[in-house]
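Notes to accompany the following structure.
The values are calculated or read from the model by the stated rules, or taken from the named source; none is laboratory data. No experiment lies behind these values; they were computed from the predicted model shown. Note that we place each Cβ from the backbone using ideal geometry, even for glycine, and neighbour counts take in every protein chain shown. Note: accessible area is taken over every heavy atom of the protein model, side chains too, but ligands, DNA and RNA are not part of it. Shrake-Rupley method; radii C 1.70, N 1.55, O 1.52, S 1.80 Å.
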Amino acid sequence: MSCSNSSTAAAHNAVKDYYGKVLSTTSDLKTSACSARSAPHPIVCRLIKSIPKAVNDKFYGCGNPIPLGIEGKDILDLGSGSGRDCYVAAALVGPNGSVTGVDMTDEQLQTARNNVDEFGKTLGYTPKLKFVTGYIEDLKTAGIPDNSADICISNCVVNLSPSKREVFSSVFNALRAGGEFHFSDMYADQTIPEALRQHQMLHGEGLSGALFTNEFERIVTEIGFLFPRILTITPVDVYDPQLKQLVGNIKYFSITYRLFKLNEQTRDNGKDTGYIATYLGTITGHEDKYVLDIDNTFERNVPVHVSGSTGRILKSSWLADFFNVEESSEEVTTEISSAAMLIKVNAFGCSASSCK
Ligand SMILES: C[S@@+](CC[C@H](N)C(=O)[O-])C[C@H]1O[C@@H](n2cnc3c(N)ncnc32)[C@H](O)[C@@H]1O
């Protein structure tokens, strides 16, 4: 993106200033929004501990957006910051996969780049891990070709963008068919009023740019993703009394979403009869069961009747390697949870711990 639009440039500069100059370490944050609440998988925790301290100290994520089972995959991290999630992903993809982080803030990119060699020594091979300068609204200009990523990840970043539709379109284009945008971000239970959107600290903390969940669902399905799957949803605490007063009755959530891009033919197959899906137990770290989302958990070797769209995901996305999927004549009309519904009935867990 050329940044020719002055309000977009101003929004970008305010965020660069916040993450490049105002914040120094994770402890400077004013909310739990940008410090991942629920514990990552033990494999991820172990890897986090092996990452250079300078990288970990500047982690500002609000979730755990790194799936397991990604060996050999090409991963793209939007708003990679100091690079923590990229380092973890680089270890998970191994020597045959690649990880590219995109960020616009020089200070963050410098920390990320400075520690790659040291991490290579820990891994015992040179990881295909690089950090590029660019805007997530226009990945192509940042040097990311269309159809080049198997999985895109992102941690507490999209809320900071002044042009969220462009971000989702850009990710859609960067993904290969069968790919997934697996990301954690801040969402709200209502549209954030204009007055709050201009507040710099609220914005930096992810509270004024959070999308209303319903609007998010509309935008991404219009772009061509399947209806968003929710992996985790946890309420966000605002610690600072002044910020707390400003946000009033708005409820915030950190949500890890899964957005699948299937090829057009598969996506538009309106078939509503279901499928029978069996998880093979072949993802390291998920040997006994696999949680696709809040509505769908699979025990190893246990056939499950699933809806048409769940069957199409398991048959035609990068997850196809781990499932056996057969057509079924039985109609399965499982509803897929919308975040708004979960918020209404408070049907989410809250495990407030990180790696011990
Ligand atoms: C909350 S921090 C999260 C960083 C990292 N994902 C982590 O978990 O530590 C947000 C990061 O996104 C970057 N960012 C925000 N908006 C961006 C944009 N439009 N294009 C590129 N990077 C952006 C910022 O520079 C910052 O490093």
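General remarks:
- The mean sequence distance of close C-alpha pairs (under 8 Å, at least 6 residues apart), as a share of the length of the chain, puts its relative contact order at 17 percent.
- Extension gain for K130-Q110 works out to 6.1 nm (0.36 nm per residue, less the C-alpha to C-alpha distance).
- Residues listed by number, the stretch 36-74, amide nitrogen under 14 Å from D288 label point at 7 Å toward C-beta: 42
- Residues in the stretch 308-346 reached by a label modelled at T273 [backbone nitrogen below 12 Å; 7 Å Cα→Cβ]: 327-332
- Peptide ranges 282-289, 309-316, 104-111 listed from the most packed, as the mean C-beta count within 10 angstrom indicates: 309-316, 104-111, 282-289
- GNM flexibility winner over the chain from C45, C86, C156 (Cα, springs under 10 Å): C45
- Prolate is the label for the stretch 183-229, because the ratio a/c of its alpha-carbon gyration tensor axes (a ≥ b ≥ c) is 1.5 or higher and a/b is greater than b/c.
- Solvent-accessible heavy-atom area per residue, rounded to whole Å², over the stretch 280-323 at 1.4 Å: 43 Å²
- Backbone N under 11 Å from the I43 label point (7 Å along Cα→Cβ), restricted to the stretch 278-295: 282-288
- Probing with 1.4 Å while keeping every protein chain in the model, the per residue accessible area of the stretch 6-262 equals 37 Å².
- Of K21/K140; K49/K261; K16/K121, those spanning more than 29 Å from alpha-carbon to alpha-carbon: K49/K261; K16/K121
- Mean projected area (nm²) of the alpha-carbon convex hull when the chain is viewed from all directions: 16.8 nm²
- For the stretch 273-336, the equivalent ellipsoid derived from the alpha-carbon gyration tensor has semi-axes of 18, 12, 10 Å in decreasing order.
- Within the accessible area of the stretch 273-336 (1.4 Å probe), percent carbon and sulfur: 44 percent
- All Cα-Cα separations within the stretch 42-174 were binned at 10 Å from zero, giving a P(r) of 13, 48, 33, 5, 0, each value a whole percent of the pairs.
- If you wrap the tightest convex hull around every Cα atom of the stretch 107-149 and split its volume per residue, you get 81 Å³.
- Ligands, DNA and RNA left out, the accessible area of the stretch 6-262 computed with a 1.4 Å probe is 50% carbon and sulfur.
- D by Stokes-Einstein for the stretch 202-281, Kirkwood Rh over Cα pairs, 10 °C, 1.306 mPa s: 101 µm²/s.
- Net dipole in debye of the chain [+1 Lys, Arg Cβ; -1 Asp, Glu Cβ; about Cα centre; nearest 20]: 780 debye
- Extension gain for the segment K140 to R300, taken as residue separation times 0.36 nm less the Cα-Cα distance, is 53.7 nm to one decimal.
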